Amino acid sequence: MQGMVLAPPASPPNPIVLVQARLKDLEIGFRGWLAKQSIAVEAAVVTATNAAQGAAIGGLLGTLTSDLSSALPATPNNVAGLNPEAMASFKNAQALAGGPLVQARNFAVMAGANAGISSVMKRIRGVEDVQSSMVAAFGSGALFSLVSGVGGPNQAANAVTSGLFFALFQGGMYMVGQKFTPSPTEDTHYSQTRGLLTSLGLQKYENNFKKGLLTDNTLPLLTDSALKDINIPPGPRLLILDQIHRNPELRKGS
């Protein structure tokens, strides 16, 4: 007993780190569950969650800019000889400077529609590119125009115009982002792998694939033991193998 050395008491775990780890596990589990659902279910869930986030952001912005909407006079109704273009401009100002509820609605429509259409395009086409981004932007712009009333009395034409504007803007931003985002040469062999891991929320395991030299060409050959050899836990291994089994493009390799 005299020679026994007592070890110092272990420090309690950091609650913030535990919460972050728990949230990450929940996110991975949610992404894995979502990847197994049908297109309709995934689109509905993605649309609803992003619409909720957009509504929260829009409501906050509407609260911060409420003075702009209060400064606008009431809509002049039934005024003879009023210029239609002036009325359209006035309604545009009301739509863009509305209060919290108006902005929450506008942002919810834009964010939800964009995310929902993007998820459908990704499922159908298997990739995220400028075409998919522009289609999603067109849909969100058109719905925003219909809901907010931006434009003149011809709602259909205004929806198309707004959709085209959103699509061109989104496409331009996407191309600029691609131009200024360098793509390392060694990463070209992991484009499908990166997309697979990203869709499952498992991006942190990309380096494991690179260390094991498991390129896109090896995706059709992956087994549980191969993934275990590169230190990927059982849960993510199951998700990865299931996604490869369900996606014919991944089974072909690059």
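The values are calculated or read from the model by the stated rules, or taken from the named source; none is laboratory data. These figures come from a predicted structure and were not determined experimentally. Virtual Cβ from ideal backbone geometry, glycine too; neighbours counted across all protein chains shown.
Determine whether region 182-191 contains at least one residue that is of a type in the set (Val, Ile, Thr) and modelled with pLDDT under 90. Looking for residues that are of a type in the set (Val, Ile, Thr) and modelled with pLDDT under 90, one finds at least one in region 182-191, hence yes.
Of these, 163, 172, which one is farther than 29 Å from residue 192 by Cβ and not aliphatic (A, V, I, L, M)?
Values: 172 fails: farther than 29 Å from residue 192 by Cβ.
Of the residues listed, the single one that is farther than 29 Å from residue 192 by Cβ and not aliphatic (A, V, I, L, M) is 163.
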